[in-house]
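Working notes, beginning with the structure itself.
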């Protein structure tokens, strides 16, 4: 349904109180009365929710072999984005070889531990840690044994994807608005945890 209304949509009702006007109640807006994403060819949010909006997507690999997806949300009058302004663009980087976990990693034939003293201790001959040629694992959430195999499940996340939201301004400059970083880790019982963390670049 096209939006033929030109009046402002009411968001709340106010009443005069001792400290000025105060909201009495907030009013929700139906989707058909809310404008669609800017620089789109649809009429309102209801249509956008049902069908989506105009996009222009470019995919390639960067010099490190990561997959890059640039999705522009706008109407393109030609086959390119030349001269198109006032729209949002999401640049996604999917890491094909995520950086190894820096807390626990292999360096050649050596296993590197960064949290010595907290997660692990080397034997020092004391009554609690008597064997000087042994490693003592202190964090049961990170270290566990499955049969005779040592399982290491770090609590830190390995970054697998990054999404940057830009707004392309009228002078064609790209304004970074938000950044979302996706990380993964595994627990000692084999469960996979995915965390998406969004940073507001404009208003941190």
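Fewest neighbouring Cβ atoms within 10 Å first, the residues 189, 119, 109 line up as 109, 189, 119. Neighbour counting of Cβ atoms within 10 Å sorts the residues 152, 193, fewest neighbours leading, into 193, 152.
Between residue 139 and residue 173, how high is the FRET efficiency from 1/(1 + (r/R0)^6) when r is the Cβ-Cβ distance and R₀ = 41 Å? Nearest 0.05.
Numbers: r = 47 Å, r/R0 = 1.15.
It comes to 0.30.
What residues of segment 126-149 lie in the reach of a label at residue 156, counting those whose backbone N is under 15 Å from a point 7 Å from the Cα along Cα→Cβ? The answer is 142, whose backbone nitrogens lie closer than 15 Å to the label point. In this label model, residue 70 and residue 37 are separated by 1.7 nm, measuring between points 7 Å along each Cα→Cβ vector. Each of 32, 38 was scored by other Cβ atoms within 10 Å of its Cβ. Listed from fewest to most, they are 38, 32. A straight chain from residue 121 to residue 187 at 0.36 nm per residue would run longer than the Cα-Cα distance by 21.6 nm.
Bear in mind these aren't lab numbers, they're just calculated from the coordinates by the rules spelled out. Owing to the predicted nature of the structure, the values given are computational and were not obtained by experimental measurement. Cβ sites come from the backbone with ideal geometry, for glycine too, and all protein chains shown count toward neighbours.
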